[in-house]
Amino acid sequence: MSKNLYVVGTEPRSGKSAILLGLMELLTRNVKNVLFFRPIIDVDHRAGERDNTINLIKSHYHLPTSYEEMYAFTLAEMNQLVAMGKTAELHEEILNKYNQLADKADFVLCEGIELAGASRSFDFDLNVSISNNIGSPIILVAGAKMKPIDSLIRTIKVYHESLEDRGCDLIATIVNRVHPESVSALTAQLVTEDISTRKLTYIIPNTDNLGKPSVGEVARLLNAEILYGEKHLTRHVRGFTIAAMQLRNLLDRIEYGALVITPGDRSDVILACLAAVQSKTMPKISGLMLTGGLVPEASVQRVIEGFPDTVPIIAVHENTFQAAVRVDNMHAYITPDNARKIAQAQVTFEKHVDIEELGDKIIKTRTTIVTPKMFESRLLQRAKVKKRHIVLPEGETDRILKAAEILLRREVVDITLLGREERIADRIRLLGLHLEKVAILDPRTAPQFDDYAETYFRLRQDKGMTLERARDIMADLNFFGTMMIYKGHAHGMVSGAQHSTADTIRPAFQFIKTNPECTIVSSVMLMCLADRVLAYGDCAVNPDPTAEQLAEIAISSAKTAALFGVNPLVAMLSYSSGSSGKGEQVEKVRRATEIARSRAETLYPGLEIEGPIQYDAAVDMEVAKTKMPESKVAGRATVFIFPDLNTGNNTYKAVQRSAGAVAVGPILQGLRKPVNDLSRGCLVPDIVNTVAITAIQAAAEGGVEEG
């Protein structure tokens, strides 16, 4: 089942509010706890403004969340971040706010961004990034008001193609506010262009009442004073008439639903309009707007008060021309207090949309898209579930300190930094970081030092280790950090920002050792492409593994991939697919595949493994149909096992650079307790991700045993 839906309009004022009401009604009938989210809202909170759509959905459906939980940024805040070049922070915080809301919901309905005055490409790119990051399918709302059919069709086709190119999961298109006389022609054209036959497509005719403001909305938006007729403020303003002429000319120009705009001292116009309202032969106006800050004189007020019922009369300070311009430019809203509009929107939606068909599609659609940002966010969320304690030996390094602040602020893990306490404290102050909750240990002065040195001596004395030498070694940051794990004083370790891979993992090889089912330590890279995550192994540890070791790497990599949400379909890579090729390297992979399948029967039942297979046949469905049509893995592979370190390391770096993939890792696998290595060129986000990965590995292995 899908857990979210993202509603995108082709342009501002496409009538999405009515669609959102219809979708909320549909969802609340099928899902227990539905919440609502807007990434960006265009309001000025300092002026007391509130987002109308959030208020509408929250009020009508009695949502238990606060207003502040239902959006990420105001437009002004977004513009400030974009101007500062902080688009990554923008997307990260949107995702964080969404995840916080999603944790409280069974389903989240999201409204996309259509900013007045912004470029279409800016809106589109932002919406695509957000919807993909939260893993949401999309409903497209195509605004059709005042648009020729040919132009409307072109717009829909462009959006369909663009969304498909970006890997989005479009489940339906709703063409909204279509002129009633154009419905038949548009329906035929959608079939001719093969739009409605490929995707769910619904046409909703324009409803004047939904597109017109009520008198109450006019009063609110113009900050008008309501003088009379407060109980009739929901009357729709279908147009306006400026009454600056004599009565004999005005009465001929009064139309049904018009808002009559006149100076507040035109008592003749006011009384004539009220008389027309009582007349059975005159069209009923929606109300009167009095301009210039003037109100009727006392004698006229007595006459008005004598009417048993009257239309709304509101007063503004603007002159007549200014008031008319503002009314003409006004955009109608469906406000929380307008029960008539809400009901009409829901009725219109259900009349023109196949509720059962669309509901079935929404509920059953599960997007397969996993963006790098989504994957990284999921890492942090997973790590929080079972909070672990991670030791970072390179505590004097600025990147480590910055990453530690992020991790602690988000309450992902508990952290111990190793290094000289005074030096670390100085760097924290200089960088302006908040690390009050971090623990700092200097191995040389730590109370555990003697115990750690003696433990290391006992573990290695058969290798010729002396106690004096053990004390020297235990002063090393990586050895001390690894001993913390061994002794049960931490769950995992991350190092390598300033140390080589050998320096980072050597202590683990010496006394953490491998799991019972493993004979070697290997690594896997998680490659976050634009729309999915793949696992590459081994790209960092074993230069030329044997067939037996390659089989072990395959099983370990499949388990690691599954731990991080990747459904493992294993491809044992070679320069030949199937039985077509010969040679020592191909035979090694063929033998490794046989061993891996045999071991999987007990270590990973049901695991699909294919090999030898070429990369293109493993990843491309069209190539797979030609080279290995019967394979369950070919064209669908998610775990790629390289025959040697040279191939693996170069391939992951080539994909990283040429495809713009985010490479997470290397993640070490096979150790009894998790130790992970950083690249010396790593960035702060890389450190954050690796610490989260280490915490997840530690949580999967259970509690810490005392050494």
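A few comments on the model shown:
- Residues that are surrounded by 15 or more Cβ atoms within 10 Å (Cβ to Cβ) and at pLDDT below 90, drawn from region 582-599: Gln585
- Filter result for the condition that a residue is open to solvent by 10 Å² or more (accessible area, probe 1.4 Å) and assigned to a loop (DSSP other than H, G, I, E, B), over Ser556, Ser579: Ser579
- Qualifying residue in region 322-342 (condition: within 22 Å of the chain's Cα centre (by Cα) and among the polar types (S, T, N, Q)): no
- Only one of the listed residues (Tyr71, Tyr67, Tyr98) is surrounded by fewer than 16 Cβ atoms within 10 Å (Cβ to Cβ), under 30 Å from Ala339 (Cα atoms) and not acidic (Asp, Glu). That residue is Tyr67.
- Scanning region 304-314 turns up at least one residue that is in contact (Cβ under 8 Å) with a residue 24 or more places away in the chain, polar (S, T, N, Q) and open to solvent by 10 Å² or more (accessible area, probe 1.4 Å).
- For region 399-425, the set of residues classified as open to solvent by 50 Å² or more (accessible area, probe 1.4 Å) and either touching a residue at least 12 places away in the same chain (Cβ under 8 Å) or under 23 Å from the mean Cα position of the chain (by Cα) (or both) consists of Arg399, Lys402, Arg409, Glu411, Asp414, Arg420, Glu421, Arg423, listed by residue number.
- The set of residues in region 291-311 that are in a helix (DSSP H, G or I) and farther than 26 Å from Ala324 by Cβ comprises Ala298, Ser299, Arg302, Glu305, Gly306.
- Elements of the type strands (runs of 3 or more DSSP E) sitting completely within region 40-151 and holding at least 2 residues that are without any contact (Cβ under 8 Å) to a residue 40 or more places away in the chain and either of a type in the set (Ser, Thr, Tyr) or in contact with a Phe, Trp or Tyr (Cβ under 7 Å, 6 or more places away or on another chain) (or both): these cover 71-74.
- The sole residue among Ser286, Ser279, Ser267 that is modelled with pLDDT under 85, on the phi < 0 side of the Ramachandran plot and not β-branched (Val, Ile, Thr) is Ser279.
- Restricting attention to region 1-17, the residues that are aliphatic (A, V, I, L, M) and modelled with pLDDT under 90 add up to 1.
- Look at (1) open to solvent by 70 Å² or more (accessible area, probe 1.4 Å); (2) of a type in the set (D, E, K, R); (3) in a helix (DSSP H, G or I) and you find that Lys341 fails only one, number (1).
- Subset tally (residues that are in a loop (DSSP other than H, G, I, E, B) and crowded, with 22+ Cβ neighbours inside 10 Å) for region 639-660: 2
- Within region 373-390, if we keep just the residues that are of a type in the set (D, E, K, R) and part of a helix (DSSP H, G or I), the residue that is nearest to the chain's Cα centre (by Cα) turns out to be Lys373.
- Pro629 assigned to a loop (DSSP other than H, G, I, E, B) and open to solvent by 40 Å² or more (accessible area, probe 1.4 Å): yes
- Residue in region 178-187 that is among the charged types (D, E, K, R), in contact with a helix residue (DSSP H, G or I) (Cβ under 9 Å, 6 or more places away or on another chain) and either buried (at least 17 other Cβ atoms within 10 Å of the Cβ) or without any contact (Cβ under 8 Å) to a residue 24 or more places away in the chain (or both) present: no
- Yes/no for Gly359 being touching a helix residue (DSSP H, G or I) at 6+ places or on another chain (Cβ under 6 Å) and assigned to a loop (DSSP other than H, G, I, E, B): no
- Filter pass, Arg166 being open to solvent by 70 Å² or more (accessible area, probe 1.4 Å), of a type in the set (D, E, K, R) and closer than 30 Å to Leu379 by Cα: yes
- Entry remark, region 452-475: residues being touching a residue at least 24 places away in the same chain (Cβ under 8 Å) and either touching a His at 6+ places or on another chain (Cβ under 6 Å) or open to solvent by 60 Å² or more (accessible area, probe 1.4 Å) (or both) number 1 in total.
- Search result, residues across region 256-293 that are loosely packed, with under 15 Cβ neighbours inside 10 Å and in contact with a strand residue (DSSP E or B) (Cβ under 8 Å, 6 or more places away or on another chain): Pro283, Gly293
- All of Glu255, Glu356 fail the test of being without any contact (Cβ under 8 Å) to a residue 60 or more places away in the chain, acidic (Asp, Glu) and under 18 Å from His236 (Cβ atoms), apart from Glu255.
- Consider region 490-507 and keep the residues that are open to solvent by 10 Å² or more (accessible area, probe 1.4 Å) and small (Gly, Ala, Ser). The one that is nearest to Ser679 (Cα to Cα) is Ser500.
- Every test in (1) modelled with pLDDT under 85; (2) open to solvent by 60 Å² or more (accessible area, probe 1.4 Å); (3) hydroxyl-bearing (Ser, Thr, Tyr) is passed by Thr192 save one, and that test is (1).
- Candidate set: region 149-163, residues that are open to solvent by less than 30 Å² (accessible area, probe 1.4 Å) and hydrophobic (A, V, I, L, M, F, W, C); chosen: the one farthest from Ile195 (Cα to Cα): Leu163
- Residues in region 428-442 that are out of contact with any strand residue (DSSP E or B) (no Cβ under 6 Å at 6 or more places or on another chain) and crowded, with 19+ Cβ neighbours inside 10 Å: Ile428, Leu435, Asp442.
- Failed condition for Asn676, given (1) surrounded by fewer than 20 Cβ atoms within 10 Å (Cβ to Cβ); (2) under 29 Å from the mean Cα position of the chain (by Cα); (3) farther than 24 Å from Ser579 by Cα; (4) not charged (D, E, K, R): (1)
- Answer residue from region 122-131, given it is open to solvent by 10 Å² or more (accessible area, probe 1.4 Å) and touching a helix residue (DSSP H, G or I) at 6+ places or on another chain (Cβ under 8 Å) and is nearest to Phe36 (Cα to Cα) among those: Ser129
- On the stretch given as region 27-46, residues that are within 19 Å of Pro336 (Cβ to Cβ) and open to solvent by 30 Å² or more (accessible area, probe 1.4 Å) total 4.
- Only a single criterion out of (1) of a type outside the set (A, V, I, L, M, F, W, C); (2) within 28 Å of Arg177 (Cα to Cα); (3) under 14 Å from the mean Cα position of the chain (by Cα); (4) surrounded by fewer than 21 Cβ atoms within 10 Å (Cβ to Cβ) is not satisfied by Glu111, namely (4).
- Any hit, region 544-553, residues being under 17 Å from Thr647 (Cβ atoms) and touching a Gly at 6+ places or on another chain (Cβ under 6 Å): yes
The values are calculated or read from the model by the stated rules, or taken from the named source; none is laboratory data. Just so it is clear, the model here is predicted, and its values are computed rather than measured. Every residue, glycine as well, gets a Cβ built from its backbone with ideal geometry; the counts of neighbours run over all protein chains shown. Keep in mind that these areas ignore ligands, DNA and RNA; they rest on the heavy atoms of the full protein, side chains included. Shrake-Rupley method; radii C 1.70, N 1.55, O 1.52, S 1.80 Å.
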